[in-house]
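The values are calculated or read from the model by the stated rules, or taken from the named source; none is laboratory data. Quick caveat: nothing in here was measured; it's all calculated off a predicted structure. Glycine gets a Cβ as well: all are built from the backbone with ideal geometry, and neighbour counts include every protein chain shown. In case anyone asks, the SASA skips ligands and DNA or RNA and just uses the protein heavy atoms, side chains included. Shrake-Rupley method; radii C 1.70, N 1.55, O 1.52, S 1.80 Å.
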Amino acid sequence: MTDISAALLHWYDENARSLPWRGIHNPYLTWVSEAMLQQTRVETVLSYYPRFIARFPDLPSLASADESDVLKLWEGLGYYSRARNLLNGARQVMAEHGGILPSSPDELRRICGIGPYMAGAIASIAFSVPVPAVDGNVIRVISRLYNIRDDASSPSVRRRIEAHAAYLVPQERPGDHNQAVMDLGATVCVPGTPDCSRCPLSMFCEAFRGGSPADLPVLPRSKPQKVIPWTIVIIRSGSRILLRRRTEKLLQGLWCFPMLPGRVPADSLIDAVQSTLRLSAAHPVSQGTARHVFTHQIWDMSLYSLDTDPDIPAPSGYGWFALSSLEDLAFPSAMNAAVRAARKGAAD
Ligand code: SF4
């Protein structure tokens, strides 16, 4: 074990965050927690993980689930492809591995939705395989420890970072080591202003010695997100509302209200609904505006409610649903304001 790993494990023993997916020795639960933690804060996952594993306590129960039930439990967590991949991965493990997750990183990587980071995390945490799990936190810690001032997004630099990370993983307690690096990156060696005075690795840290760890890792400036205007229409037919299950890659499988491209002015709305949805609607009422930020785009939305005749057929690709469906169907967070407006309309 290197001096760095020993110092890190000593720190971890005293400072590890107490999290429900730790210390359980259950590869399935490690997998679920790692899928939820990708791109998501621990605090957010803490409210989703218990409900998910209460409903799907083991791999066979998840593998036999309906996608809509899985998405409903994922509702609001974002990055929904993770939920679909988890479900498809569980089915794959049932079909190809008799319901038992393999322990080798190479085999894990062949399972739907498990990439290099997650394979390393599951193998080390659940099976004590001494391999690294390199995510954004680890890239930051390693870049600072070794004062790597080259573009961390380039494949060659990434390989250097992975080699350093692999070198540090001890044969004993590799899972704890990896979780210690993650915890250090999340709580001490944070982006922007690392708290080096509290860091157990400061005596080994080249960037700290050099005096400028804050500007590491070096990453290319990300492109600004594209702002896309939408008009969301909440169309009621008696006590039913018009909904569509998305087939697009973004938010696939989740339910949305009809979305008209652009910000349609109120006095053109009836015509726009007619030409886009082939539906006669009336009485447009503004329900305010909403904004939702995705990784690569921002939805800038104006919301309207409209009424139509009780027995009018739904346009192709859409369906009429009872207002009570708002509780049962899985909507993305981008639709939160529209769901609230539809509920309010039902109560009025
Ligand atoms: Fe990060 Fe500072 Fe610790 Fe270096 S000394 S690993 S920069 S917190």
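At-a-glance table
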{"item": "Residue within region 148-165 that is within 22 Å of the chain's Cα centre (by Cα) and not acidic (Asp, Glu) present", "result": "yes"}
{"item": "Cβ-Cβ under 6 Å pairs, at least 6 apart or on other chains, region 135-149 side part of a helix (DSSP H, G or I), far side more than 12 Å from the ligand (Cβ to nearest atom) and open to solvent by less than 40 Å² (accessible area, probe 1.4 Å)", "result": "Asn137/Met182; Val138/Ala165; Ile139/Ala152; Ile139/Ile161; Ile142/Ile161; Ile142/Ala165; Ser143/Ala152"}
{"item": "Condition met for Gly238 (surrounded by fewer than 20 Cβ atoms within 10 Å (Cβ to Cβ), small (Gly, Ala, Ser), at positive phi and at pLDDT below 95)", "result": "yes"}
{"item": "Residue within region 149-159 that is polar (S, T, N, Q) and within 16 Å of the ligand (Cβ to nearest atom) present", "result": "no"}
{"item": "Search result, residues across region 22-47 that are under 18 Å from the mean Cα position of the chain (by Cα), surrounded by 14 or more Cβ atoms within 10 Å (Cβ to Cβ) and more than 16 Å from Arg84 (Cα to Cα)", "result": "Leu29, Thr30, Thr40, Val42, Thr44, Val45"}
{"item": "Filtered residues of region 150-170 (kept if assigned to a loop (DSSP other than H, G, I, E, B) and either in contact with a Ser or Thr (Cβ under 9 Å, 6 or more places away or on another chain) or open to solvent by less than 50 Å² (accessible area, probe 1.4 Å) (or both))", "result": "Asp150, Ala152, Ser154, Val169, Pro170"}
{"item": "Residue tally, condition assigned to a loop (DSSP other than H, G, I, E, B) and crowded, with 22+ Cβ neighbours inside 10 Å, over region 112-130", "result": "1"}
{"item": "Condition check for Arg91: over 24 Å from His292 (Cα atoms), in contact with a helix residue (DSSP H, G or I) (Cβ under 6 Å, 6 or more places away or on another chain), modelled with pLDDT of 95 or more and among the charged types (D, E, K, R)", "result": "yes"}
{"item": "Close pairs (6 angstrom Cβ cut-off, 6 or more residues apart or separate chains): of a type in the set (Gly, Ala, Ser) in region 193-218, outside any loop (DSSP other than H, G, I, E, B) and near the ligand (Cβ under 6 Å from one of its atoms) anywhere", "result": "Ser202/Cys196; Ser202/Phe208; Ala207/Arg144"}
{"item": "Leading residue by the ranking (nearest to the ligand (Cβ to nearest atom)) among those in region 171-183 that are farther than 17 Å from Leu37 by Cβ and open to solvent by 20 Å² or more (accessible area, probe 1.4 Å)", "result": "Arg173"}
{"item": "Answer residue from region 131-145, given it is among the small types (Gly, Ala, Ser) and open to solvent by less than 40 Å² (accessible area, probe 1.4 Å) and is nearest to the ligand (Cβ to nearest atom) among those", "result": "Ser143"}
{"item": "Failed condition for Gly99, given (1) small (Gly, Ala, Ser); (2) assigned to a helix (DSSP H, G or I); (3) farther than 23 Å from Pro174 by Cβ; (4) touching a residue at least 24 places away in the same chain (Cβ under 8 Å)", "result": "(2)"}
{"item": "Test: residue in region 284-304 that is without any contact (Cβ under 8 Å) to a residue 24 or more places away in the chain, within 14 Å of Ile235 (Cα to Cα) and open to solvent by less than 20 Å² (accessible area, probe 1.4 Å)", "result": "no"}
{"item": "Close pairs (6 angstrom Cβ cut-off, 6 or more residues apart or separate chains): in contact (Cβ under 8 Å) with a residue 60 or more places away in the chain in region 243-268, surrounded by 14 or more Cβ atoms within 10 Å (Cβ to Cβ) and of a type in the set (Ser, Thr, Tyr) anywhere", "result": "Arg244/Tyr318"}
{"item": "Options Pro200, Pro194, Pro229; residue that is modelled with pLDDT of 95 or more, in a loop (DSSP other than H, G, I, E, B) and surrounded by fewer than 22 Cβ atoms within 10 Å (Cβ to Cβ)", "result": "Pro200"}
{"item": "Sole exception among (1) surrounded by fewer than 17 Cβ atoms within 10 Å (Cβ to Cβ); (2) farther than 30 Å from Glu327 by Cβ; (3) not hydrophobic (A, V, I, L, M, F, W, C) for Pro102, by number", "result": "(1)"}
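Every residue, every condition in (1) outside any helix (DSSP H, G or I); (2) open to solvent by less than 40 Å² (accessible area, probe 1.4 Å); (3) at positive phi; (4) more than 16 Å from the ligand (Cβ to nearest atom), yes or no:
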position: Gly185; (1), (2), (3), (4): no, yes, no, no
position: Ala214; (1), (2), (3), (4): yes, no, no, no
position: Lys223; (1), (2), (3), (4): yes, no, no, yes
position: Val233; (1), (2), (3), (4): yes, yes, no, yes
